[in-house]
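Every read-out reported here was derived from the displayed coordinates using simple, explicitly stated rules and does not represent laboratory data. On a predicted model such as this, the values are computed, not experimentally measured, just so you know. No Cβ is skipped: glycine too gets one built from the backbone with ideal geometry, and neighbour counts run over all protein chains shown.
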Amino acid sequence: MTKTNKSTPAAIEEVRLLTEEEILKMGEADYMNPAQMAFFKAKLQALEKELLKNAGETTEHLRETVLVPDPADRATIEEEHALELRTRDRERKLLKKVQQSIVAIDNNEYGWCEETGEPIGIPRLIARPTATLSLEAQQRRELKQKLYGD
């Protein structure tokens, strides 16, 4: 299947947002129509907003330095900060993928496998809106990484 959707980004903004159930009920001919693009753009923008909010909260939390005389308590606080920073680092990487997916929607390239050009699939995109590979292509990539390393 090839990319046949010719909707414009402006058309995406004007469409009523559908629910997951409505999106899943649509047929293959409706794949990545303006309503679906609007649904995923809204979902990605909400995720982007949440990730940015979390990053701001972490910054504020780390600024609130508490001086604790007990070494065990101090170690616990430092470990909590390290865990929070690792979590934010993962979210930073996810934020980059979210922003790339939003750009792909704006460029009318979202929803198509980077490797094969085939549809990624609505259920996969609902589960992982930042997916850039179809399930089969992702499985091949993971198997290749497992066998040959990366």
(message) Can you sort K96, K41 from fewest to most other Cβ atoms within 10 Å of each residue's own Cβ?
(response) K96, K41
(message) On a full-extension model of 0.36 nm per residue, what is the gain between E50 and L67, subtracting their alpha-carbon distance, rounded to one decimal in nm?
(response) 3.1 nm
(request) Can you list which of the GluC sites (Glu not before Pro) found in the range 104-150 are DSSP loop residues with at most 16 other C-beta atoms within 10 Å? (result) E109, E114, E115
(message) Looking at the chain as a GNM with Cα springs under 10 Å, which of P69, P119, P34 has the largest mean-square fluctuation?
(response) P69
(request) Apply the Debye scattering formula to the chain, with a single equal point scatterer on each alpha-carbon and no solvent, then give log10 I(q)/I(0) at q = 0.13, 0.19, 0.21 Å⁻¹. (result) -0.71, -1.12, -1.27
(request) Report, in degrees rounded to the nearest 10, the 0 to 90 angle that the Cα long axis of helix 135-148 makes with the longest principal axis of the chain. (result) 50
(request) With everything on Cα atoms, drop me the angle between helix 34-63 and the longest principal axis of the chain, reported from 0 to 90° to the nearest 10. (result) 10
(request) Measure off 7 Å from each Cα along the Cα-to-Cβ vector at Q145 and K25, then give the distance between these two points in nanometres to one decimal. (result) 3.7
(request) Go ahead and run the numbers for FRET between K93 and I126, Cβ-Cβ distance against an R0 of 30 Å, rounding to 0.05. (result) 0.90
(message) Students often get this wrong, so check it: of K53/K96; K43/K144; K49/K144; K53/K146, which have C-alpha atoms separated by over 26 Å?
(response) K43/K144; K49/K144; K53/K146
(message) Using helices alone, I'd like the mean residue ellipticity at 222 nm for the chain: each DSSP H run of four-plus residues gives -39500 (n - 2.57), total over residue count, nearest 500.
(response) -21500 deg cm²/dmol
(request) Using only Cα atoms, find the angle between the long axis of helix 71-106 and the longest principal axis of the chain, and express it within 0 to 90 degrees, rounded to the nearest 10. (result) 20
(message) As a footprinting exposure proxy, order M26, M37 by other Cβ within 10 Å, with the fewest listed first.
(response) M26, M37
